[in-house]
Each structure stands twice: as structure tokens, then as C-alpha cells.
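Beneath this line is the structure, given in C-alpha cells, with notes to follow.
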Amino acid sequence: MARAYIIPTLVAGALLMTIGFGLFFTNKTRITSFEAHYHQDVSAFVESEMVRVDNTLKEYQTVVFKAIPLIIIAAALVLLFINTPVWRAISITTIAMLIVILLIDGTAHARIADYKEQLELVEN
């Protein structure tokens, strides 16, 4: 049974690392451009950020808070009805990985909502 976890765990770890590094390097380059945009025109920056934040919050509602729980439910059903070690390992690893993603995205959603409130204060 323990051998069945090797490949699913490696795949989940590789996916999480790829997502993490992709977000890190993308945001690292954008942070410097944010500062330059802000100093050029504050009102245009706030307006563009409000659009970006609204789009991100809408995306969270569909992808993170609907699709991921559905995938967790599907993996749980596989866990219940298919009793081979490899499929059980895949299901458990998938559920664990998606719970980690939900925790991270849940805190990110809260930070984005706070950021939107701060932008609204600047806008008014």
C-alpha cells in the first residue's frame, strides 16, 4: 500500500511546486511595474487594479470555491468505490493536495478582498 503513494505524491508535489514558482516569478516581475504605474497616475492605477481585483474575485468564486470542492467530492467517491491501492493513493493524495490549495487560496481570497477595500478607500 505504501508503494502506491510514491508516484501520486511526487506528481502532487511537482504540481504544487510548479504552481508556486509560477506565481512567485510572475508576481515578482509585476510588483516593480505596479510601483511605476502607481507613481505615473494614481487614479488610473487604482481603476485598473479595481478591474483586476474584481476579475480575480469572480474567478475565485467559480474555480476555487466550486470546481475544487467538486473534484474533492469526485476523489472521495473514487476512494469509496474503487478499492485498489493505486486508486486509493491517488484519491487520498488528490484530496490532500486540493485541501492545501483551498487553504492557500482561501487566505489569498481574504487578502484580495481586503486589498479591494483599501482600493475603494483610495478611490473615494
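Assorted remarks:
- Some residue of the range 63-71 being closer than 24 Å to GLY106 by Cα, exposed (fewer than 10 other Cβ atoms within 10 Å of the Cβ) and either at pLDDT below 90 or of a type in the set (Val, Ile, Thr) (or both): no
- Residue satisfying condition, being assigned to a helix (DSSP H, G or I) and farther than 22 Å from LEU121 by Cα, within set ASN27, ASN55, ASN83: ASN27
- Every condition in (1) outside any helix (DSSP H, G or I); (2) surrounded by 13 or more Cβ atoms within 10 Å (Cβ to Cβ) holds for ALA108 except the one numbered (1).
- Only listed residue being without any contact (Cβ under 8 Å) to a residue 24 or more places away in the chain and either touching a strand residue (DSSP E or B) at 6+ places or on another chain (Cβ under 7 Å) or acidic (Asp, Glu) (or both), chosen from GLU35, GLU47: GLU35
- Selected residue (criterion: nearest to the chain's Cα centre (by Cα)) from residues of the range 70-105 that are farther than 24 Å from ALA4 by Cα and in contact (Cβ under 8 Å) with a residue 12 or more places away in the chain: ASP105
Residue-by-condition table, conditions (1) closer than 18 Å to ARG111 by Cα; (2) within 15 Å of the chain's Cα centre (by Cα):
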residue	(1), (2)
LEU15	no, yes
ILE19	no, yes
PHE24	yes, yes
THR32	no, no
ASN55	yes, yes
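- Applying the condition of being surrounded by 13 or more Cβ atoms within 10 Å (Cβ to Cβ) and of a type outside the set (A, V, I, L, M) to the range 83-105 and asking which residue is modelled with the lowest pLDDT yields ASP105.
The values are calculated or read from the model by the stated rules, or taken from the named source; none is laboratory data. Note that the structure is predicted; figures quoted are calculated from it, not measured. Cβ sites come from the backbone with ideal geometry, for glycine too, and all protein chains shown count toward neighbours.
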